[in-house]
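In what follows, a structure is listed as structure tokens, so that the remarks can point back to it.
Derivation of every value follows stated rules applied to the coordinates shown; laboratory data play no part. Computed from a prediction, not measured in an experiment: that's the story for all the values here. Using ideal geometry, Cβ is built from the backbone for each residue, glycine included, and neighbour counts are taken over all protein chains shown.
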Amino acid sequence: MRKLNRHPSNCLVGLIPGQNDWMEAPKDDIWIELDKMQSGYCAYCECHLKRKHIEHFKTRTAHPQEIFSWANIFGSCGDSSKTGGWGRCGIYKDAGAGKYNISELVKPDVDDPNDYLLFLTSGMVIAHPELTEPALRKAEETIRVFNLNGDSALFNSRRSAILAIQKEIDELYQMQDELGDDWQSFLDEALTGVCEQEFQTALEHSWRHNLPY
């Protein structure tokens with residue numbers, strides 16, 4: 001999960017809760033706008049969006065007044081119509097996570113996920129170790145409710161992406177003393193190289209911290 005910059009959009013203008021149905025929303029236009037914000041990746045796990053759905057951060061059932069709010073919409077992975085599509089991110093939040101308080105979830109266009117989550121080279125994501133309540137609760141609930149560690153396909157894909165660069169990471173850290181003041185320049189170059197890649201935040205944290213557990 002990474003910080004997203006939400007731009008203004010008119011894609012839902014004219015649709016009124018209680019008068020219009022969600023089926024009337026212009027899905028193609030919405031996806032054009034979501035791709036501008038998310039660059040084709042899931043708003044929560046940062047996988048490449050192949051099996052996807054338009055996700056209401058505040059659910060349509062619990063918050064019908066937010067159904068056509070652009071600020072309430074993200075693009076998420078998963079596909080409720082296919083086997084294996086229920087355990088991911090927004091769909092899991094709505095259909096698998098059980099009870100949660102929406103105010104205790106990181107909202108990536110408002111909060112900076114880097115303040116809450118730490119990705120390890122093992123592929124796991126944990127609450128940032130320096131957090132205290134209530135931020136700790138927010139981090140832990142975000143991991144749980146979006147199932148960021150629990151879906152095996154997601155976990156293995158993220159782990160594989162990290163493994164692909166782990167040797168380079170290890171080599172850079174082994175050369176930290178030898179490189180001296182130049183070490184940071186090499187790290188910055190590596191961080192630039194993973195920008196806009198799948199699982200960008202996990203790759204960035206692997207380079208920045210190189211923590212296996």
Candidates Lys99, Lys107, Lys52, ranked by Gaussian network fluctuation over the chain, Cα under 10 Å, top entry: Lys99
Calculate how steeply helix 200-209 sits against the longest principal axis of the alpha-carbon atoms of the chain, using the helix alpha-carbon long axis, and give the answer as 0 to 90 degrees to the nearest 10. 30 degrees
Of the cross-linked pairs Lys36/Lys167; Lys138/Lys167; Lys50/Lys138; Lys93/Lys167; Lys3/Lys93, which ones have a Cα-Cα span greater than 31 Å in the structure shown? Lys36/Lys167; Lys138/Lys167; Lys93/Lys167
Between Arg51, Arg144, Arg88, find the one with the highest GNM mean-square fluctuation for the chain; connect C-alpha pairs within less than 10 Å. Arg51
Using alpha carbon centers only, segment 99-158 is separated from segment 20-60 by a whole-angstrom value of 20 Å
Out of every Cα pair in the chain, what percent are spaced more than 24 Å from each other? 45 percent
Treating each Cα of segment 167-207 as an identical point scatterer and ignoring solvent, apply the Debye formula and state log10 I(q)/I(0) at q = 0.15, 0.19, 0.23, 0.29 Å⁻¹. -0.35, -0.54, -0.74, -1.00
Between helix 27-38 and the chain: long-axis angle, C-alpha atoms, 0 to 90°, nearest 10: 30 degrees
Can you tell me which aspartates and glutamates have their Cα less than 17 Å from the Cα of Lys27? Leave out same-chain residues fewer than eight positions away. Asp35, Glu55, Glu66, Asp79
Expected sort for Met124, Met23, Met175 with the fewest Cβ neighbours (10 Å cutoff) up front is Met23, Met175, Met124
Kirkwood hydrodynamic radius for segment 141-213: how many Å is it when counted over pairs of different Cα atoms? 13.4 Å
Helix 135-145 versus the longest principal axis of the chain: what angle, 0 to 90°, nearest 10, using Cα atoms? 70 degrees
Only sites in a loop by DSSP and with at most 11 other Cβ atoms within 10 Å count here; which GluC sites (Glu not before Pro) in segment 42-131 make the cut? Glu130
Checked segment 1-77 with the C-alpha gyration tensor, a ≥ b ≥ c its square-rooted eigenvalues, rounded below a/c of 1.5, otherwise prolate if a/b is larger than b/c and oblate if not; verdict prolate
Of Asn149, Asn20, Asn72, the most mobile residue in a GNM of the chain (C-alpha springs, cutoff 10 Å) is Asn20
